[in-house]
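Participant: Handing you a structure now.
What follows draws every value from the coordinates through simple rules; no lab data is involved. Here the structure is a predicted model, which is why all the values come from computation and not from measurement.
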Amino acid sequence: MTTPTTGAQHNTAGGFSTTGFGTQLPFEAINEPGCYICNWSGHLVRVPADGIKPGRSPLLTFRANEPLFVTKISGDPFIPLSKARMLAADCDVAVNF
């Protein structure tokens, strides 16, 4: 599997920068709040600012034989579902919510 290169993505000392709409990145590289779509299932993941602070719990991890990628559709973790579906469609990502 190749690493997707959609959006403004680049490696930094702290991980991936995910500032761009439509950026695809590994799930474990999420380091900014926002709404993400799981590329493998179409599920919506809402990541609030508290969800990425060091020492916060619960910490959510996924394990698989293949890398699990997500697509960032918004920097706002609380956008309405209808808007999340439209943004996902703009990125050509299938939804399951």
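Participant: Residue 23's amide H: which non-local residues (gap 5+, or another chain) put their own amide H closer than 5 Å, with H modeled 1.01 Å from N in plane and none for Pro or chain starts?
Facilitator: Those lying under 5 Å, H to H, from residue 23 are 8, 72.
Participant: What shape does segment 10-90 have by the C-alpha gyration tensor, where a ≥ b ≥ c are the square roots of the eigenvalues, rounded means a/c under 1.5, and otherwise prolate means a/b greater than b/c and oblate the rest?
Facilitator: Taking the square roots of the gyration eigenvalues as a ≥ b ≥ c, segment 10-90 is rounded.
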